[in-house]
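See structure below.
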Amino acid sequence: MSRIDDLIERFCPDGVEYKALGEVGEFFRGTSFQKKHFVEEGIPCVHYGQLYTHYKLYAYETRSFLGDEFAGAKGIAKTGDLIIATTSENEEDVCKAMAWLGEADVVVSNDACIYRHVLDPKYVAYFFQSNQFQVAKRPFITGTKVLRVSGANMAKIRIPVPPAEVQEEIVRVLDSFAELEAELEAELEAELRARRAQYAFYRDKLLAFGNAEMQREREREDSLSNPSRIVFLGEVVEMKAGVHIPSGRIDPFCTDEHPFPCFGGNGIRGYVAEANCSGRSLFIGRQGALCGNVSFFSGRCYATEHAVVVKCSDSLLPRFAFHLFTAMDLNQYKSSGAQPGLAVGKLKAIEIALPAIDVQKDIAEKLDRFDALVNDIAQGLPAEIEARRKQYEHYRDRLLTFKEKAS
């Protein structure tokens, strides 16, 4: 921060003047339009809901457009203006702001406002992200289910107004920091994708003999050193559909009164007071987009009608079965129709090549270790990104905090 310190010493050694947002700019309301008015090409527009889902700190292009009937509409943002969401369902998102840096004028929806000012646009946008602004806006939030802050009240919030040279340097530093954060996030996510792909390749290679047709071909070539026997799944597992449980009986938190995980088609849905499964269980999602999803749980739990409960016989190790089923893409066996699903009878009729128990154990242990490595990366990724984000937020808030110039 030495350059910023030098600039402050040079241009504002006695401190920085703080002014109300209304002193250095003016707030305008957006105009009325809805998403149904969007067209493929036309007048650029920003709907307030897109400020939460699509836009970040600044933008040069809009996601949506309006027809010619909105030409000359009120609520127009110009280059350098801030576009601010004035309503939200949570405190964090209300007053979420984006600096418009595109050349074209933009129509802004109501439930958003436009802030036209004399400051560096990105400097103001960073200020709206800062803890300083978040604290200052709280007394002006109204409403219960839908929270709201008016432009008139935002105009009362004070912002530090250092000289333009200091604003520009702060923006440059924060832009660099944000770029590094984005690059790190992309690198970490790429690493996770690579590890997952590596795991899938390794898993499929180890389980290649589990394909019955491939096993028959190998037997014809007499090239398999550890022969496997071809069986129907129904010969080595017991399968049954879970049981419906009313949604009102599912507790999202595990307590002493509700200690048992409740499995649906896509894994744990919540917790219930009773169990209909025990031991080491496999669950296969059996309906819609969840068909073929495989979960494993050791202990007492409950399975809903959206899951197939699988109990392995002594000739099939549960952890080996978990990896085998995951690699098999069971979704391909679902029925067609308006409500596609996996029938227990059809699953039982699937043929697999079953190796000896010692071979199953060796493969399951290898894949468990690899799976644990990938999961460690997957769990560590959000934590690493969050740590960098906290570091960035701390740095940003420091940069936007100044000694106030005496009146």
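Of all residues in the stretch 59-70, those that are without any contact (Cβ under 8 Å) to a residue 60 or more places away in the chain have Cβ atoms under 9 Å from Cβ atoms of residues that are among the charged types (D, E, K, R), 6 or more apart or on another chain, in Y60/E103; S64/K35; F65/E40; F65/E41. Quick check on the stretch 83-101. Is at least one of its residues surrounded by fewer than 17 Cβ atoms within 10 Å (Cβ to Cβ) and assigned to a strand (DSSP E or B)? Scanning the stretch 83-101 turns up no residue that is surrounded by fewer than 17 Cβ atoms within 10 Å (Cβ to Cβ) and assigned to a strand (DSSP E or B). Comparison of E404, E386 shows that the only residue that is on the phi < 0 side of the Ramachandran plot, of a type in the set (D, E) and without any contact (Cβ under 8 Å) to a residue 24 or more places away in the chain is E386.
Here are E41, E17: which of them is open to solvent by 60 Å² or more (accessible area, probe 1.4 Å) and in a strand (DSSP E or B)?
E17
Considering each residue of the stretch 198-213 in turn, none proves to be open to solvent by 40 Å² or more (accessible area, probe 1.4 Å), in contact with a His (Cβ under 9 Å, 6 or more places away or on another chain), among the polar types (S, T, N, Q) and modelled with pLDDT of 70 or more.
Among the residues of the stretch 106-146, those identified as within 19 Å of E23 (Cα to Cα), open to solvent by 20 Å² or more (accessible area, probe 1.4 Å) and part of a strand (DSSP E or B) are R116, H117. When V272, V308 are checked against the criterion of being in contact with a strand residue (DSSP E or B) (Cβ under 8 Å, 6 or more places away or on another chain) and within 28 Å of Y202 (Cα to Cα), V308 stands alone in meeting it.
Of the residues in the stretch 338-354, how many are over 20 Å from N266 (Cβ atoms) and open to solvent by less than 50 Å² (accessible area, probe 1.4 Å)? So the answer is 4. If you scan the stretch 355-378, which residues turn out to be open to solvent by 40 Å² or more (accessible area, probe 1.4 Å) and acidic (D, E)? If the condition is that a residue be open to solvent by 40 Å² or more (accessible area, probe 1.4 Å) and acidic (D, E), then D358, D362, E365, D368, D376 are the ones that fit. The criterion of being farther than 30 Å from L51 by Cβ, part of a helix (DSSP H, G or I), at pLDDT 90 or above and not aromatic (F, W, Y) does not hold for E219. If you filter the stretch 266-320 down to residues that are among the hydroxyl-bearing types (S, T, Y), modelled with pLDDT under 90 and part of a loop (DSSP other than H, G, I, E, B), you find that the one that is nearest to G242 (Cα to Cα) is T304. Each residue in the stretch 293-307 was checked for being within 15 Å of A275 (Cα to Cα) and either open to solvent by 50 Å² or more (accessible area, probe 1.4 Å) or not aromatic (F, W, Y) (or both), and 8 pass.
Residues in the stretch 20-37 that are open to solvent by 60 Å² or more (accessible area, probe 1.4 Å) and outside any helix (DSSP H, G or I): E26, F28, R29, S32, Q34. Scanning the stretch 19-56 for residues that are in contact (Cβ under 8 Å) with a residue 40 or more places away in the chain, over 18 Å from S88 (Cβ atoms) and of a type in the set (D, E, K, R) yields K19, E26.
Check whether at least one residue in the stretch 399-407 is part of a helix (DSSP H, G or I), within 27 Å of the chain's Cα centre (by Cα) and under 30 Å from V16 (Cβ atoms), and report yes or no. Looking for residues that are part of a helix (DSSP H, G or I), within 27 Å of the chain's Cα centre (by Cα) and under 30 Å from V16 (Cβ atoms), one finds none in the stretch 399-407, hence no.
The values are calculated or read from the model by the stated rules, or taken from the named source; none is laboratory data. The structure presented is a predicted model; accordingly, all values stated were derived computationally and were not measured. We place every Cβ from the backbone using ideal geometry, glycine too, and count neighbours over all the protein chains shown. Note: accessible area is taken over every heavy atom of the protein model, side chains too, but ligands, DNA and RNA are not part of it. Shrake-Rupley method; radii C 1.70, N 1.55, O 1.52, S 1.80 Å.
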